[in-house]
Amino acid sequence: MFSYVFRRILVMIPTLVAISLIIFLIIQLPPGDYLESYIAELQAQGESVDPQKIAFLREHYGLDRPMWQQYVQWVAGMFRGDFGYSFEFNMPVSEVIGDRLLLTMVVSFVTVLFTWAIAFPIGVYSATHQYSWGDYGLTLLGFLGIAIPNFMLALVMMYLANVWFGTSIGGLMDPEFIDKPWTWEKWKSLFAHIWIPVIVIGTGGTAGMIRKVRANLLDELQKQYVVTGRAKGLPPGKLLRKYPMRLALNFFISDIGSLLPAVISGAEITAVVLSLPTTGPMLLAALKSQDMYLAGSFLMFLALMIVVGVLISDLALAALDPRIRLEGGVAR
Amino acid sequence: MKYGFRSGVVLGLCAWLALVAVPATAALDEPPMLVEAVKEGKLPPMAARLPAKPLVVPFDGKARVPGKYGGDLRMLMAKDRDIRMMVVYGYARLVGYNEKLEFVPDLLESFENVGDRDFTFRLRPGHRWSDGAPFTSEDFRYYWEDIANNKALSPLGLPNVLLVNGKGPRVTFPDPLTVRYTWDEPNPLFLPALAGPSPLFIYRPAHYLKQFHARHIGEDKAKALATEKKARNWAGLHHKKDEQYRFDNPDLPTLEPWVNLTAPPATRFVFHRNPYFHRVDTAGRQLPYIDRVLIGIADEKLVPAKTGAGEVDLQARYLRFDDYTFLKKNEKRSGFDVRLWETVKGSQIALYPNLNTQDPAWRTLMRDVRFRRALSLAMNRHEINQVVFFGLAKPSNNTVLPASPLFEPEFRTAWARFDVKAANALLDEIGLTRRNADGVRLLPDGRPLEVVIDTAGESTEETDVLELIRDGWRQAGIALFSRPSQREIFRKRVFSGQSMMSVWQGLNNGLATADMSPEELAPVKQEQLQWPLWGNHVESHGKGGQPPDLPEAKELLALYEAWQKAPDSAERARIWRRMLAIHAEQQFTLGTVTGNPQPVVVSRALRNVPPKALYNWDPGAYFGIHRPDTFWLDAAPRS
């Protein structure tokens, strides 16, 4: 077990290095650099730019150096916990992300809970009552949830809520709390606002989750041990809870790998549309303005989350499901 | 939000009632927001906070009426970095433009200008920074000696505006309230730079910045401080703290009407009134009237929707003419007025034939003035105006507006009529007489005359206009295709000559006066899309690009150089007119319409915002020239 974990962690290092290289290259692919998009943006608004100041900034930010030097500097910095400098915000990347991370995690966790709370009972119902009216009706709803793009749902809800209730959906709390410390009142305000993004972000995920629960459970329900259990007179509820449902849960655990990064990044597009103070819009803006260290470090962080998440879900699966063996895959 | 606003209004109302009930006394005049602090002794009373001679803002009683204190002004911006607009809107400058575009002292008590060479500035006695420290010539000295002439902070030397023929001014500080700048030769760009929306700051809050400067605290301590704050070196730290224009350091004292209290990143920025602001109304009450400015950050594309929902009190940025009908529909529901202000771009949308395009056949054609004239004649500007701008703009070449003293009607109309016959005649004269089966003319080498226009792909307005131009050109046997890309790629393509024609805005300053720089008319910058290589050549002092080789372009460059050395305004005006005439005759850029309206959303409670005005960057500083410190919120209900 220990050597397995050790080996897995060792493999993570070249993986992350490869990812960092790809991230850096892709961010550098579009023509120009941060300062050029900065100039272009100012000029589009009719503002003038002092070429001398730009030259100073280019040197100051190190953008005049060759690309490999910039890369090495960035990677070396990350090992020391220095994620580089955000040009857009004029401060270290770690300080930029700070407060947003907490809000993003709150939104994401609530969304995940919402998704599970809705999807799990429905999925179980659909599987046990396959091809019934209830199954068809809920499946239809589920497909609608997948089919409607999140951003559109967000726009429609924002419009309706504004016209009907006069509320502004943009943001996560009443404006007077935005710059205040975290008090009980502020949390209350947060939870009064959070349900809209949660519903919008959650619908797509819920629908997908329903399908997964249904499919996994149906697989198990066909198996012989279920038939045997039923033949021996186990009550249907107990049989379901005790055996097939537990096995059907495996995919929940293997989902952790993709869950971790999602919790950190939030749903980018929806967050932009709803103008949530989460990390998603920040990442998008950083990519658009070629604020490369902010975007790069953030993507790196997400990559780390994926790698760690996959490891955790593998270990958890092994611990929870006695059928899974660690040695099998490694020995080959 | 609404609650905060109402309580502000109620406070303002109380103050107003008090004023009406009791004859004004110094104590009662205090802005309600500051009363508490003054009572507790944290702030001196108003009389002690104001300079000995404050700037009295004229109130003519019609468009601008004395108001009352209090309230929050809500605005929206798209990015944290946009809070610099508060420096633009605040518009506290040493010397600023008034509404007639004349230079008037603002922060300064007076200034003296001898032949554009010798400038003497007099400060207001008792003028203070927003933290209460005195504003004196020491702040100018700090900039001049410790920043502009400091190798670590300004490795590239003085800003270009301060250099005349490569030589900087002599700066002296005879006493704490006097500063003098002297050049050997005239520097006509100095005052415009000080009065600009993004001004040249030749002063700094020295008392605050000294704590980061190696000369004042010693190299070792500065280094330690930089390491502690995770800056690359002390210069980097100083640079970061010293952002008067970015306005992102809440600790940095300022002279603007509102002081930023929020450090980015944030989704809402709060600005409080500057208790030491130097302007007063005619009753002697300190401005600004409005206590707080709240700036929400929302996605650029969401700004019109949020504005329509009534989430702002004053908004023009990120609203475009396309949004007008939507905003108008929401006027009643959300309790605001949509006003149409005039923009002063030389042309709302202009075409830039690239004289430096790589393809030799096209380059020859683009450089042929007859071809450019034919293109212009085949554009139906009247139709563009009617279809895209509801007839609210004016068909025009890309030139100055009638409001500019340099305007002449020919600049606007030369080669700008819609005359397909004349256009066809010109094209035949060039020798482009062969046509293909579709009726498109052929180049001498047999390729069809298909003009591909690069667009930055940002506005549907552009594509709509191109669609209309396509119809006109078609009648002249020219095919038009547009090639949308993304802003940086667009610029790269134009700069390298890969693009043969591009579409962008026209001249930025359609309100030019003789004393403003005519650099937009001469090939001096790479960003000029009609001759990027020539511009690059001049900008890089001959290191890049190509020297201009068209006689008219050379003449423009020579005229620009002559303008810089011109002894007086009359001579400068003569040069300006000559340059404008060359542009009108040569059609280096093809204008469409001008003076198209900018929607400005103004809450019904907000007073003193002019109903009709100019909305412009420089000169104008958008709202700045209209003095937002005199805007005030009425107690009248919003709807």
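Compute from the Cα atoms of the protein assembly as shown the Rg and the Dmax, the latter being the longest Cα-Cα distance, and quote both in angstrom.
Final numbers for Rg and Dmax: 32.1, 109 Å.
Name the long-range amide H neighbours of residue B:483: under 5 Å, sequence gap of 5 or more, or other chain; modelled H, no Pro or chain starts.
Placed amide hydrogens put B:453, B:454, B:455 under 5 Å from residue B:483.
Of A:20, B:485, which has the most accessible area with a 1.4 Å probe, and how do the rest follow in descending order? Numbers along the way, then the final one.
Numbers: A:20 5, B:485 30 Å².
Descending order: B:485, A:20.
What FRET efficiency comes out for residue B:167 versus residue A:80 if R0 is 51 angstrom and r is the Cβ-Cβ distance? Round to the nearest 0.05.
Values: r = 46 Å, r/R0 = 0.89.
Computed FRET efficiency for residue B:167 and residue A:80 comes out at 0.65.
For n ≥ 4 DSSP H runs only, could you compute -39500 (n - 2.57) per run for the protein assembly as shown, divide by its residues and tell me the 222 nm figure to the nearest 500? Please report the intermediate quantities before stating the final value.
Numbers: 41 runs with 457 residues, N = 971.
Result for the protein assembly as shown: -14500 deg cm²/dmol, rounded to the nearest 500.
Cβ under 10 Å from residue B:292's Cβ, residue B:292 left aside: what net charge do those residues give with Lys, Arg +1 and Asp, Glu -1?
Values: positive: B:74, B:273; negative: B:72, B:291.
Neighbour charge sum, excluding residue B:292 itself: 0.
What average number of partner chain Cβ atoms lie no more than 10 Å from the Cβ of the residues making up B:488-495?
Neighbouring Cβ atoms belonging to other protein chains average 3 per residue here.
Over chain B, what is the mean sequence separation of C-alpha contacts under 8 Å (at least six apart), divided by residue count, expressed as relative contact order in percent? Working shown, then result.
On the way: 1311 pairs, mean separation 122.2, N = 639.
Reported as a whole number, the value is 19 percent.
Give a quick list of trypsin sites (Lys or Arg not before Pro) in the range A:195-295 that DSSP marks as loop, anything other than H, G, I, E or B, with at most 13 other Cβ atoms within 10 Å.
Details: sites: A:211, A:212, A:214, A:223, A:230, A:232, A:238, A:241, A:242, A:246, A:288; in loops: A:223, A:232.
Counting only loop positions with at most 13 other Cβ atoms within 10 Å, the trypsin sites (Lys or Arg not before Pro) in the range A:195-295 are A:223, A:232.
Defining a contact as two alpha carbons under 8 Å apart and six or more residues distant in sequence, what relative contact order in percent does the range B:452-541 show? Please list the in-between numbers first.
Numbers: 103 pairs, mean separation 25.7, N = 90.
In percent, rounded to a whole number, it is 29.
Residue A:129 versus residue B:471, label points 7 Å from Cα toward the beta carbon: distance in nm?
Each label point lies 7 Å from its Cα, and together they span 6.0 nm.
Considering only protein heavy atoms and a probe of 1.4 Å, how much of the accessible area of the range B:42-120 is carbon and sulfur, as a whole percent? List each step's numbers first, then the result.
Working: 1690 of 2940 Å².
Summing carbon and sulfur atoms, their accessible area is 58 percent of the total for the range B:42-120.
Give the peptides A:247-254, B:217-224 in descending order of average Cβ contacts within 10 Å, highest first. Intermediate results must be reported in sequence, preceding the final value.
Values: A:247-254: 17.5, B:217-224: 13.6.
Ranked from most to least packed, the peptides come out as A:247-254, B:217-224.
Heavy atoms only, probe 1.4 Å: what % of the accessible area of the range B:197-298 goes to carbon and sulfur, would you let me know?
On the way: 1700 of 3410 Å².
Carbon with sulfur: 50 percent of the solvent-accessible area.
Helix A:34-44 versus the longest principal axis of chain A: what angle, 0 to 90°, nearest 10, using Cα atoms?
80 degrees
Based on the Cβ-Cβ distance from residue B:104 to residue B:571, what FRET efficiency comes out when R0 is 22 Å, to the nearest 0.05? Don't skip to the end; give the middle numbers.
Numbers: r = 24 Å, r/R0 = 1.10.
My answer for the efficiency is 0.35.
Please give the residues of the range A:260-286, grouped as numeric ranges, whose backbone N is less than 15 Å from a label point set 7 Å along the Cα-to-Cβ vector of residue A:312.
So the set is A:260-266.
Using only protein heavy atoms and a 1.4 Å probe, report how much of residue A:306 is accessible, in Å² to the nearest 10.
Here the accessible area works out near 80 Å².
For chain B, what does the accessible surface come to per residue with a 1.4 Å probe? Please give it in Å².
Values: 24510 Å² over 639 residues.
Accessible surface, normalised per residue, equals 38 Å².
What's the magnitude of the charge dipole for the protein assembly as shown around its Cα centre, counting Lys and Arg as +1 and Asp and Glu as -1 at the beta-carbon? Answer in Debye, nearest 20.
It works out to roughly 2480 debye.
With springs only between Cα atoms under 10 Å apart, run a GNM on chain A and tell me which of A:60, A:129, A:193 wobbles the most.
A:60
Taking the Cα atoms only, what angle lies between the long axis of helix A:292-320 and the longest principal axis of chain A, rounded to 10 degrees?
Value to nearest ten degrees: 20.
Accessible area drop of at least 50 Å² (1.4 Å probe, protein heavy atoms): which residues of the range B:145-162 qualify, relative to the chain alone?
Correct list: B:156.
Would you tell me the mean number of C-beta atoms belonging to other protein chains that fall within 10 Å of each C-beta in B:259-270, as a whole number?
For peptide B:259-270, the averaged partner shielding equals 5.
7 Å from Cα along Cα→Cβ at both residue B:263 and residue B:498: what's the point-to-point distance in nm?
Taking the two extended label points, one gets 4.2 nm.
Which shape class, rounded, prolate or oblate, goes with the range A:243-328 when its Cα gyration tensor gives a ≥ b ≥ c as root eigenvalues, a/c under 1.5 marks rounded, and past that a/b bigger than b/c marks prolate? Walk me through the numbers before you get to the answer.
Values: a/c = 5.43, a/b = 2.17, b/c = 2.50.
Note, shape of the range A:243-328 comes out oblate.
Just the number, please: buried accessible area between B and A, total of both chains, 1.4 angstrom probe, nearest 100 square angstrom.
Numbers: alone 26700 and 19180 Å², together 41470 Å².
Answer for the B-A pair: about 4400 Å² buried.
Just for chain B, what percent of DSSP beta bridges are antiparallel, to the closest 5? Before the final figure, lay out each step's value.
Working: 50 of 68 bridges.
Restricted to chain B, the bridges split so that about 75 percent are antiparallel.
Angle, helix A:256-265 long axis vs. longest principal axis of chain A, Cα atoms, 0 to 90°, nearest 10?
For helix A:256-265, the angle is close to 40 degrees.
What nm value, rounded to one decimal, do you get for the distance between residue A:9 and residue A:69 when each label is placed 7 Å out toward the C-beta?
Result: 3.6 nm between the two label points.
For the range B:142-274, rounded, prolate or oblate, judged on the Cα gyration tensor with a ≥ b ≥ c (square roots of eigenvalues), a/c < 1.5 rounded, else prolate if a/b > b/c?
Values: a/c = 1.94, a/b = 1.29, b/c = 1.51.
It comes out oblate by the Cα gyration axes.
Given R₀ = 45 Å, FRET efficiency for residue B:182-residue A:117 by Cβ-Cβ distance, to 0.05? Write down the numbers at each step before the final one.
Values: r = 76 Å, r/R0 = 1.69.
Efficiency computed from Cβ-Cβ geometry: 0.05.
Placing +1 on the Cβ of each Lys and Arg and -1 on the Cβ of each Asp and Glu in the range B:326-395, which of B:335, B:377, B:388 has its Cα farthest towards the positive end of the resulting dipole?
B:335
Per residue of B:303-313, what is the mean number of Cβ atoms on other protein chains within 10 angstrom of that residue's Cβ?
Values: counts 1, 0, 5, 6, 0, 1, 9, 3, 4, 0, 0.
Per residue, the average neighbour count from other chains is 3.
What does the convex hull of the Cα atoms of chain A come to per residue, in Å³, rounded to a whole number?
Values: hull volume 67.2 nm³, N = 332.
Output value, Cα hull per residue: 202 Å³.
At 0.36 nm per residue, and after removing the present C-alpha to C-alpha distance, how many nm does the segment from residue A:109 to residue A:254 gain when stretched out fully?
This chain segment gains 50.5 nm when fully extended.
Residue B:170: accessible area at probe 1.4 Å, nearest 10 Å²?
130 Å²
What's the center-to-center distance, using Cα atoms, between the range A:15-47 and the range A:106-168 in Å?
Centre-to-centre distance over Cα atoms comes out at 37 Å.
Contour minus end-to-end for residue B:464 and residue B:57, with contour as 0.36 nm per residue of separation and end-to-end as the Cα-Cα distance? Mind showing how you got there, number by number?
Values: separation 407, 0.36 × 407 = 146.52 nm, distance 4.39 nm.
Difference between extended and current length: 142.1 nm.
Only helices at least 27 Å long along their own axis, judged from Cα atoms, and with Kyte-Doolittle mean hydropathy of 0.0 or greater: name those in chain B from DSSP H. Mind dumping the intermediate values first?
Working: long enough: B:2-21 (28 Å, 1.30).
Result, helices passing both filters: B:2-21.
Using 20 Å as the cut-off for backbone N distance, which residues of the range B:194-236 belong to the label zone defined by a point 7 Å from the Cα of residue B:151 along Cα→Cβ?
B:213-224, B:232-236
Most mobile of A:268, A:59, A:36 per a Gaussian network model of chain A (Cα springs, under 10 Å)?
A:59
Given all pairs of different Cα atoms, what value in angstroms does the Kirkwood hydrodynamic radius of the range A:12-66 take? It would help to have the intermediate numbers written out before the result.
Working: mean 1/r = 0.0757 Å⁻¹.
One over the average 1/r among Cα pairs gives 13.2 Å for the range A:12-66.
Express the relative contact order of the range B:97-153 as a whole percentage, based on alpha carbon pairs under 8 Å and six or more residues apart in sequence. Walk me through the numbers before you get to the answer.
On the way: 38 pairs, mean separation 10.0, N = 57.
Averaging sequence separation for qualifying contacts and normalising by length gives 18 percent for the range B:97-153.
What per residue convex hull volume, in Å³, comes out for the range B:484-639 when only alpha-carbon positions are used? Walk me through the numbers on the way to the answer.
Details: hull volume 26.7 nm³, N = 156.
That works out to 171 Å³ per residue.
How much accessible area per residue does the range A:201-272 have, counting only protein heavy atoms and a probe of 1.4 Å, in square angstrom? Don't jump to the answer; show the numbers that get you there.
Working: 3560 Å² over 72 residues.
Ligands and nucleic acids excluded, the figure is 49 Å² per residue.
The values are calculated or read from the model by the stated rules, or taken from the named source; none is laboratory data. Treat the numbers as computed from the prediction; the structure is a model and nothing was measured. Here the Cβ is made from the backbone with ideal geometry for all residues, glycine too, and neighbour counts use every protein chain on show. Note: accessible area is taken over every heavy atom of the protein model, side chains too, but ligands, DNA and RNA are not part of it. Shrake-Rupley method; radii C 1.70, N 1.55, O 1.52, S 1.80 Å.
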